[in-house]
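K.L.:
Got a structure here, written out as structure tokens. Questions coming.
The values are calculated or read from the model by the stated rules, or taken from the named source; none is laboratory data. The structure displayed is predicted, hence computed values, not measured ones. With ideal geometry, Cβ positions are generated from the backbone for all residues, glycine too; neighbour counts draw on all protein chains shown.
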Amino acid sequence: GYDATAKPIVRIKNSGGTELDQVAPGNVAVKADGTIDVSLTALPAGVTTTGTDFTVTADDTFYLDPAQTTSKDLGSGFTSVPTSATITGPGGVPVTADPSAGAITVDGVTFAFAMQTTPDDVDKVTVTATGTPTATGNFSITVAAGALTSSKASVNVGTGYDQDHVNVMAKPIVRIKDSGGTEVGQITPANVTVQADGTIDVSLASLPAGITATGTGFTVTADDAYKLSSTTFTAGSGYAALPSTVTIQGPSGAAAVSGDPSAGAIGPTDGVSIQSVVLNGDKLDVTLAGIPTQAGNFTISFADGPAQGAATGSASSISGTSTAATGSVTTSAVTGGATDAKELWNTGPPNNSPAITGQDVDTRPVVDGSGNVYFVSSAANYSTLVHKVDANGKEVWTVPNGGPVGPAANVNRKVESNPILSPTGLQLVVPVSSPSTHPQLIAYNVSNGLEMWRHQDTTADATTTPVYSNDGSTVYFGSLDNNLHAVHAVDNVGLGISAGDLKWSFDTGSTGPGGDVRSGPVVDSSGVIYFGSDANGVVSGGGSVFAIRDDTTTGTQIWRKDTYGNVRSTPALSNDETTLYVGDEMAFYAIDTTPGVTRGTDNWGDMTFPTGGASPIQTTVAVGPNDNIYFGANNRTLYAYQDNGASGTELGTFQTGSGGTDNFGRCSPVVNTANRVFFASGDGNAYALDGTDPANWGTAATPGTALEWVGDLNGASKSTPALSADGSIAYVGSDDNKLYAFTDPATGFQLDNTSVTFAKDYLQGTDTLAAGDISLTGTAATGISVSGAPVINANGTVTVTLAGTATSAGTITIATTKAGLPHLAAIPNLGTGYPTTMTAPEIAALGVAITPDASGGSPGVAGTLAGTVTGVNGDGSLNLTFAGTATTGGDFTITVDAGPAEGTAGDQAVSVTTATTVTVGTFDVTQTGAINKTLTNVALKGTTTTPEKFNVTQAGAINQTLTNIALKGTTVTPEKFNVTQTGAIAQTLTNLALKGSTPTPGTFNVTQAGAVSQTLTNLAVQGSMPTPLSLKLTQGTASDVNVAAIQGSMSPQTLTVTDSGTVVETEGLLNEDLDLWDFTVSDFTRYIQVVANVMAVNGAETSSLAFSQSLLRNNFENLELATSRITDTDVAHEMAQLAKNRIKTSTAADMLAKHNKLGMMVDLTVMNLA
């Protein structure tokens, strides 16, 4: 086991064992087999005598196996020589040093580290050992892993960060967390750079010290950073100087910081200060400075300037009363006159409170069989309401024209024509005169006001009062589109007709010049419809009168009469229906309606009206039971005529007073069964005239004996009266927003006013009065009483209704016997100095204090009194109103809060903009080089005679390596040599060697247990043994078993490794670790034979493939020929079928010809027989 590199000292001893001398080194030779030849031709000088049994012994020597002094390809991933390594020699004392600073010497051996230079292995380390060991044993080298590095050079994270770290936003702390979310370190600020786009670049060239191991899924996050959304703003108004105090409150909730802005900066709080406050006009310019340390809002508050305005004064309470001249009133009872109509009711207060309409009542109302009255009210803005009141004038319902189920708004549904009731009395039909976006007719349910149907078929206004057909199925009306329209009034499911559908339209221009239809239709007992129109007739600007018939699908003209002027009055039939009376702008006509040549001609010869066109006739014509004819003209005059057949005679006239804009423009007369004529006028009155005595009607200024009564409408009227069923009550509308009910005057003593308003200072909604709280005194008070509860009005007055019949003429004094509760009257012009620019909320915020005032000796007790400021006057004073009542009346002092400050500024909020990590950077940590556990250069050398077990064990999980393990010496009978490695992944056993001159080595066991990619390489037993030892390989669920060989004085062998039923045979020739001299000629001969056999098989396979290719080509050609033959056969078959069909056709034609010929022969035979 000796080696030439370490020649031993050879000693000469005598027979007694005493050393005599040493053999000169030149006489000592180490042989190749490890033995020593000692030349004794020249004895050492110490041998001075002869003798026997001299012994030659050689000292033990230690040396490194030259083949194993260099370890290459250690580790991976190194970029330079490692900076730390620990080497423990046989002496057992570890030495740790920096290999990059120089070689390391341990137990006589020097280890030098260098990087590999082979291109594919430049990241590996080579260790070279030199020197002579001082003892036998193992050298263990542990090399520290290389530096940890990031898989990314840098990451970019976050958003909203600012580059100004001094004034705006601090540079954020950047933290590194492992895949479990645990923080492992922070990036030094120098490696953090805020970009212009608000993101952060984080350099990972130098990892924090907290990262001590490789891993994946490391994350980079930056702490939130904060900056002010704005550092300047303008606040407040009205300041004449800086406020005394400004306060800044930070988002953390820490105590606010206040200060005088004129003294300098205020703060900081949460990192921010108010740097300056500067007066800019009447506003404040504020500048903030600092970097916020919290997210949220900074609130800056400003003290108000001095308050403006002061108000105080005294007031005494008042109470509702009518004593003396403070509010009592006197009315009178006079002898009733024959011309004063008795007003039964009107729709205003107190009958309806509040009033059911605030709009004019211009059209004719409609009365049903139960005395309910329906009417329409409208205003100049086209807002229209439809109403129903009962027989006493009490509201039943009111709906916007369009109904609750129609469009919500009632705007632009103006009504200028009169509504009508259906023959059944169940529907109220209202015509609409309005822009084109609304219906022309709307039908309401009379019980609840809900819309039942509507008609909208044209874009023109409905300009006439509609009329029903005799059977009630159709409604006729005229419009401004030159047509008279017929509309279905009832549903007919069988015919697919719905109420409101258009039935037909009659064009007045269909038989001549046509024009708008403003003359309402009338229907005679036979169903003929009569109406007039504007048109160009016999005179330029004239109109026409039509008679048409309803033929279900069309209106058919019966006759047409052209007139002098536009016909805008609604005609009337004589009681016997033989004559139609109608007027135009210039004449009045009596048109013959009887069948015959005179039908449609004027019986009166086109009588020119006396006014000559200056006062057109536009009213509806009325015919009384006595056949008298009544109509009005626009000269404020009602006319009465008698039909003499061929002419007409004026019986009398009645001219109303002046007033209004439409004297008889829309106010038409109506006649009851007693021949009493009713009408209203723009002079504000309703009239009743005796129709049997028109000659004595007189005028409004000078009434005649035939004037029955006059009713006061308290305003002009455009309405036509409607009559009760017995004709005793006239219902008529007025421009004072009420509908009135009049009847004949009462007899005896009458009150000049049945509704009296008096008193003062009562509180509406607080004070209450009963009929018993009203006293009636005076000469006419007997027989008169208060009807119903007195009404306290908003202005503090009281309205009572008187009823009864006075027993004598005289006066009645009306007063209250119950005073109201004490309260305060409104106070105008209190105080001074209040800004006239105060807003409504500022005015409402002014508090009003009410305290007793004892200066006059009568202090009151405020009770529930409360004051309200209603406005600021131009002089800076206030107007006040009061609510509530005093517990005790008396004097009070009224004090109002001061007005707003001369300068004021609401709290200003400055938000903090937060920069945050929106995108989290991720990276993996790897090592530039790693040599986990390594056992190298393990040597046992010398003259050991009987070594015991030599065991080397390595246990590890990843990349474990056992290299250069050697047993050398003059071992005569070595025992077991075991090498064991256990691990889970990529385990490697390399260079396991047993060398020596052992004639009969023992067993050599290599055991490797692992799951993935286990490798056994270069397993060798070398020596001069005649019989190779038994090599047993045991491997778990291993794969990739490579090149196992037994070497010695034998040929390379093939090793079969059995693993879980899988056999892998590996030829020695494939072992890249063997050299050429490891093989014999017979090995190569056998390999060449194997290759020849493979080539022969390959040639056979190639020939077989060529033959198969030829066979396939022949088959393809045969298939093409077969396809062609099949096609030819199909064509031939089809040709045969065609010929066959032609033969059949020819035969059939021939048979048909013969059959026809046979028929002819039969016919001839029959003829001959005949």
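K.L.:
Looking only at segment 59-81, count every residue that is over 22 Å from Asp107 (Cβ atoms), part of a strand (DSSP E or B) and among the small types (Gly, Ala, Ser) and tell me the total.
P.N.:
0
K.L.:
A further question on this structure: Identify all residues within segment 864-891 that are of a type outside the set (Ser, Thr, Tyr), touching a residue at least 60 places away in the same chain (Cβ under 8 Å), closer than 18 Å to Pro835 by Cβ and not in a strand (DSSP E or B); write none if there are none.
P.N.:
Gly876
Yes/no per residue for (1) in contact with a strand residue (DSSP E or B) (Cβ under 6 Å, 6 or more places away or on another chain); (2) in a loop (DSSP other than H, G, I, E, B); (3) not aromatic (Phe, Trp, Tyr):
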{"site": "Ile141", "(1), (2), (3)": "yes, no, yes"}
{"site": "Ala145", "(1), (2), (3)": "yes, yes, yes"}
{"site": "Lys152", "(1), (2), (3)": "yes, yes, yes"}
{"site": "Val155", "(1), (2), (3)": "yes, no, yes"}
{"site": "Asp164", "(1), (2), (3)": "no, yes, yes"}
{"site": "Met169", "(1), (2), (3)": "yes, yes, yes"}
{"site": "Pro172", "(1), (2), (3)": "yes, yes, yes"}
{"site": "Ile176", "(1), (2), (3)": "yes, no, yes"}
{"site": "Gly181", "(1), (2), (3)": "no, yes, yes"}
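K.L.:
Could you go through segment 185-199 and let me know if any residue there is more than 30 Å from Ser80 (Cα to Cα) and touching a residue at least 40 places away in the same chain (Cβ under 8 Å).
P.N.:
Among the residues of segment 185-199, at least one is more than 30 Å from Ser80 (Cα to Cα) and touching a residue at least 40 places away in the same chain (Cβ under 8 Å), which makes the answer yes.
K.L.:
Could you check segment 20-38 and list, in sequence order, the residues that are surrounded by 13 or more Cβ atoms within 10 Å (Cβ to Cβ), out of contact with any Phe, Trp or Tyr (no Cβ under 8 Å at 6 or more places or on another chain) and not hydrophobic (A, V, I, L, M, F, W, C)?
P.N.:
Within segment 20-38, Asp21, Gln22, Asn27 meet the criteria.
K.L.:
Moving on. Among the residues of segment 757-779, is there at least one that is touching a Gly at 6+ places or on another chain (Cβ under 6 Å), among the small types (Gly, Ala, Ser), surrounded by fewer than 16 Cβ atoms within 10 Å (Cβ to Cβ) and at pLDDT 90 or above?
P.N.:
Within segment 757-779 (the criterion being touching a Gly at 6+ places or on another chain (Cβ under 6 Å), among the small types (Gly, Ala, Ser), surrounded by fewer than 16 Cβ atoms within 10 Å (Cβ to Cβ) and at pLDDT 90 or above), the answer is no, since none of the residues qualifies.
K.L.:
While we're here: State whether the residues of segment 609-628 include one that is touching a Cys at 6+ places or on another chain (Cβ under 9 Å) and buried (at least 17 other Cβ atoms within 10 Å of the Cβ). Quick ask: steps written out before the conclusion?
P.N.:
We begin by selecting, within segment 609-628, every residue touching a Cys at 6+ places or on another chain (Cβ under 9 Å); these are 619.
Subsequent filtering for residues that are buried (at least 17 other Cβ atoms within 10 Å of the Cβ) retains 619.
So far as segment 609-628 goes, yes, one or more of its residues are touching a Cys at 6+ places or on another chain (Cβ under 9 Å) and buried (at least 17 other Cβ atoms within 10 Å of the Cβ).
K.L.:
Here's a follow-up. Select from segment 834-871 the residues that are of a type in the set (A, V, I, L, M, F, W, C), closer than 20 Å to Gly309 by Cα and in contact with a strand residue (DSSP E or B) (Cβ under 6 Å, 6 or more places away or on another chain) and list them in ascending order.
P.N.:
Taking segment 834-871 and keeping what is of a type in the set (A, V, I, L, M, F, W, C), we get 838, 840, 843-846, 848-850, 854, 861-862, 865-866, 869.
Applying the additional criterion that residues be closer than 20 Å to Gly309 by Cα yields 838, 840, 843-846, 848-850, 869.
Hits for segment 834-871 are Met838, Ile843, Leu846, Val848, Ala849, Ile850, Val869.
K.L.:
Within segment 579-610, how many residues turn out to be over 18 Å from Ile548 (Cβ atoms), hydroxyl-bearing (Ser, Thr, Tyr) and assigned to a loop (DSSP other than H, G, I, E, B)?
P.N.:
Final tally of qualifying residues: 1.
K.L.:
Hey, among Gln195, Gln163, Gln116, which residue is at pLDDT 85 or above and within 60 Å of the chain's Cα centre (by Cα)?
P.N.:
On the way: Gln163 fails: at pLDDT 85 or above; Gln116 fails: within 60 Å of the chain's Cα centre (by Cα).
It is Gln195.
K.L.:
Counting only residues that are more than 23 Å from Pro745 (Cα to Cα) and either in the same structural domain as Val367 (by TED's automatic domain parsing) or touching a Pro at 6+ places or on another chain (Cβ under 8 Å) (or both), give me the strands (runs of 3 or more DSSP E) lying completely in segment 645-710 with at least 1 of them.
P.N.:
Values: elements: 648-655, 676-680, 685-690.
Answer list for segment 645-710: 648-655.
K.L.:
Pick out the one residue from Lys72, Lys152 that is basic (Lys, Arg) and farther than 30 Å from Asp224 by Cβ.
P.N.:
Details: Lys152 fails: farther than 30 Å from Asp224 by Cβ.
Result: Lys72 is the single residue among Lys72, Lys152 that is basic (Lys, Arg) and farther than 30 Å from Asp224 by Cβ.
K.L.:
One residue is enough: does segment 570-578 have a residue meeting the conditions within 29 Å of Ala640 (Cβ to Cβ), surrounded by fewer than 17 Cβ atoms within 10 Å (Cβ to Cβ), in contact (Cβ under 8 Å) with a residue 40 or more places away in the chain and touching a strand residue (DSSP E or B) at 6+ places or on another chain (Cβ under 9 Å)? Give the steps one after another, and end with the answer.
P.N.:
If we filter segment 570-578 for residues that are within 29 Å of Ala640 (Cβ to Cβ), which is where we start, we get 570-578.
Next, only the ones that are surrounded by fewer than 17 Cβ atoms within 10 Å (Cβ to Cβ) stay: 574-578.
Add one more test, that the residue is in contact (Cβ under 8 Å) with a residue 40 or more places away in the chain, and what stays is 574-575, 577.
Checking the rest, the ones that are also touching a strand residue (DSSP E or B) at 6+ places or on another chain (Cβ under 9 Å) come to 574-575.
The answer is yes, given that some residue of segment 570-578 is within 29 Å of Ala640 (Cβ to Cβ), surrounded by fewer than 17 Cβ atoms within 10 Å (Cβ to Cβ), in contact (Cβ under 8 Å) with a residue 40 or more places away in the chain and touching a strand residue (DSSP E or B) at 6+ places or on another chain (Cβ under 9 Å).
K.L.:
Exactly one of (1) under 30 Å from Ala32 (Cβ atoms); (2) in contact with a Leu (Cβ under 6 Å, 6 or more places away or on another chain) is unmet by Val125. Its number?
P.N.:
(1)
K.L.:
Which of the residues that make up segment 630-641 are farther than 18 Å from Gly727 by Cα and assigned to a strand (DSSP E or B)?
P.N.:
Within segment 630-641, Phe631, Gly632, Ala633, Thr637, Leu638, Tyr639, Ala640, Tyr641 meet the criteria.
K.L.:
Going through Val174, Val157 one at a time, which residue ends up being in contact (Cβ under 8 Å) with a residue 40 or more places away in the chain and farther than 30 Å from Thr232 by Cα?
P.N.:
Numbers: Val157 fails: farther than 30 Å from Thr232 by Cα.
Result: Val174 is the single residue among Val174, Val157 that is in contact (Cβ under 8 Å) with a residue 40 or more places away in the chain and farther than 30 Å from Thr232 by Cα.
K.L.:
A follow-up question, please. Filter segment 215-265 for residues that are under 30 Å from Thr922 (Cβ atoms) and surrounded by 14 or more Cβ atoms within 10 Å (Cβ to Cβ) and give the result. Spell out how you get there, then give the answer.
P.N.:
Filtering segment 215-265 down to residues under 30 Å from Thr922 (Cβ atoms) leaves 215-227.
Scanning segment 215-265 gives Gly215, Phe218, Thr219, Val220, Thr221, Ala222, Asp223, Asp224, Ala225, Tyr226, Lys227.
K.L.:
I'm checking my understanding of the structure. Among residues of segment 65-91 that are farther than 16 Å from Ala145 by Cβ and at pLDDT 90 or above, which one is surrounded by the most Cβ atoms within 10 Å (Cβ to Cβ)?
P.N.:
Start the filter on segment 65-91 by keeping residues that are farther than 16 Å from Ala145 by Cβ, which leaves 65-73, 87-91.
Adding the requirement that they be at pLDDT 90 or above leaves 87-88.
On the way: Ile87: 25, Thr88: 18.
If we take residues in segment 65-91 being farther than 16 Å from Ala145 by Cβ and at pLDDT 90 or above, then Ile87 is surrounded by the most Cβ atoms within 10 Å (Cβ to Cβ).
K.L.:
Kindly provide the set of residues from segment 116-135 that are buried (at least 18 other Cβ atoms within 10 Å of the Cβ) and more than 29 Å from Ala213 (Cα to Cα), ordered by number.
P.N.:
First, pick out the residues of segment 116-135 that are buried (at least 18 other Cβ atoms within 10 Å of the Cβ): 124-127, 129, 133.
Those that are buried (at least 18 other Cβ atoms within 10 Å of the Cβ) and more than 29 Å from Ala213 (Cα to Cα): Ala129, Pro133.
K.L.:
On to the next question. So, Asp1150, is that one in a helix (DSSP H, G or I), of a type in the set (D, E, K, R) and at pLDDT 70 or above or not?
P.N.:
On the way: in a helix (DSSP H, G or I): yes; of a type in the set (D, E, K, R): yes; at pLDDT 70 or above: yes.
Here the answer is yes, as Asp1150 does meet what is asked.
K.L.:
Right, here's the next one. Given the criteria surrounded by fewer than 22 Cβ atoms within 10 Å (Cβ to Cβ), not charged (D, E, K, R) and not in a strand (DSSP E or B), does Thr720 qualify? Outline the logic, then answer.
P.N.:
Values: surrounded by fewer than 22 Cβ atoms within 10 Å (Cβ to Cβ): no; not charged (D, E, K, R): yes; not in a strand (DSSP E or B): yes.
Judged against the criteria, Thr720 is not a match.
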